[in-house]
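Enquirer: Sharing a structure, written as C-alpha cells. Questions coming.
What follows draws every value from the coordinates through simple rules; no lab data is involved. Please read these numbers as outputs of a predicted model, since none were measured by experiment. Cβ: placed from backbone, ideal geometry, glycine included. Neighbour counts: every protein chain shown.
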Amino acid sequence: MKKLFTVLAAFIFLAIPAHASEIVEGAVIKTANNPDVYIVKYNSGKSYKRLVLNPQVFESYGHLRWEDILTVDQETLNKFTTSDLVRVDGTSEIYQLTPNGDTGSKVPIDNPTEVDLNSIYTINHTDFGNYLNPSNAELSGPYEIYQVIDGDTFSVTINGIIQTVRLIGIDTPEVASAVTARECYGEEASTAAKEQLTGKKVYLESDAVSGDTDKYGRLLRYAYLENNTLFNKWMIEEGNAKEYTYAGQIYRYQTEFKTAQASAKTAQKGLWGIEICALSDVSSEKDAYICSADTYNCSDFATQTEAQNAYAYCLNQTGTDIHRLDSDDDGVVCEGLEQNI
C-alpha cells in the first residue's frame, strides 16, 4: 500500500514546499523524496508529527484530503518530533506504536508518568486496528457473541460454527447450575459480562503459553471489545474476576492483570468489597446439587473444584459421600480433574 502513497504523491505534490511557520495544527506533511505522510500537532510549545500508516488509515479520517498534503524539505520535517504515543478516541489507555510497513505493533504504557504526555495523539479505531500486539499473529475477528455463559466463558460464531471461549488469566465465581453451587458474586460477575458482551462483537487473541484449547475443547483467548478494551483485564479491574495463573504459566498479560487486581482490591470493587462475600446465601444454594441419590460421576464436572463443591454440599446435607466421588476416602475428590479453570 505504500506504493499507493507513492503514486498519489507523484500526482498531488507539485506545490511549492511549505515552511515550518506556514504549517498549522492538524496539517499533513511529507518530503518530496519520501511518500511517508505525517499529521502535525502542537502542544505546550512543542511540535510533533505522527506517521499515517497507510492510505486506508488516511481515508478513515474523513477530514483529511490528499490535495491538502504539504511538501516540506527534510530540515523542516526534522523540526517536528516524531510521536509514537496514542490513545483511541473515547478511551484513556495509552499505547506506544511501532510502524512496520503497512501494519505495526502496539503495546500499552503501564506507567504514563515516564512518557511525554504532550506527544499523545488521539486516533480512531481503524488506525489503531492496523497495529497488532507484538507477539500476536493470531488476533482475529471480530466475531459475534453467540451466548455469554458466565463471567469467564462465552461462545462466538466463527465461520458459521459456534465455538466456546475460556478467557485466559481470569477466574470468576460460579453461578448455580445442575453441577455447580452458587458462589458469592457469581451472578454479579455473570451479569457484568452479559451487559458488556451481549449483542457485541469481539476480537480474539491467543497465547502460545496457554495453548490453543483446553481439555474441554474451549478456545483459550484474550478478548477485545470493538472499542479496544481488553475484556479479561476489564473484568479484573471492576472486581468481577480474580487474576488466575494456571499451573504456574507466565502468560502474556500476567503482570497487567495482577496490577489490575491489586488496584481493584485497594478500591474494594466488586467481590473485594468489605464483607460482601463474608456471608453465604445458603437459601440460594438450596437444591444446587442432587443429594438424594447416587447421581454424579467425576466426568459430570468440568473441574475438581466443582466436584469438591458437590461433595461438600451433599456431605453436609446427608452425612455421606452419596455420589462416591471420594474413592480413596481422603477428603479430596476426583483428583484427576483440573484444579480450577
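Enquirer: So how much slack lies between residue 96 and residue 59, counting 0.36 nm per residue of separation and subtracting their Cα-Cα distance, in nm?
Expert: Roughly 11.1 nm would be gained on extension.
Enquirer: Among the listed pairs 194/269; 41/201; 106/194; 41/242, which have their C-alpha atoms separated by more than 30 angstrom in this model?
Expert: 41/201; 41/242
Enquirer: Under a point spin-label approximation (7 Å from Cα along Cα-to-Cβ), what is the residue 201-residue 262 distance to one decimal in nm?
Expert: Once both label points are built, they end up 3.7 nm from each other.
Enquirer: Once you order the gyration tensor axes a ≥ b ≥ c over the Cα atoms, which shape class does segment 140-272 get: rounded for a/c under 1.5, otherwise prolate or oblate by comparing a/b with b/c?
Expert: Rounded, because the longest to shortest axis ratio a/c is under 1.5.
Enquirer: What are the residues whose amide H is under 5 Å from the amide H of residue 166, where those residues sit 5 or more places off or on another chain and H is modelled from the backbone?
Expert: Correct list: 219, 220, 221.
Enquirer: If you take the beta carbon distance between residue 227 and residue 320 as r and set R0 to 56 Å, what does 1/(1 + (r/R0)^6) give as a FRET efficiency, to the nearest 0.05?
Expert: According to the calculation, E is roughly 0.60.
Enquirer: Arrange 212, 321 by Cβ neighbour counts within 10 Å, fewest through most, would you?
Expert: Exposure proxy ranking, most exposed first: 212, 321.
Enquirer: Given the Cα-Cα distance of residue 294 and residue 115 and 0.36 nm per residue of separation, how much length would full extension add, in nm?
Expert: So the extension gain works out to 58.2 nm.
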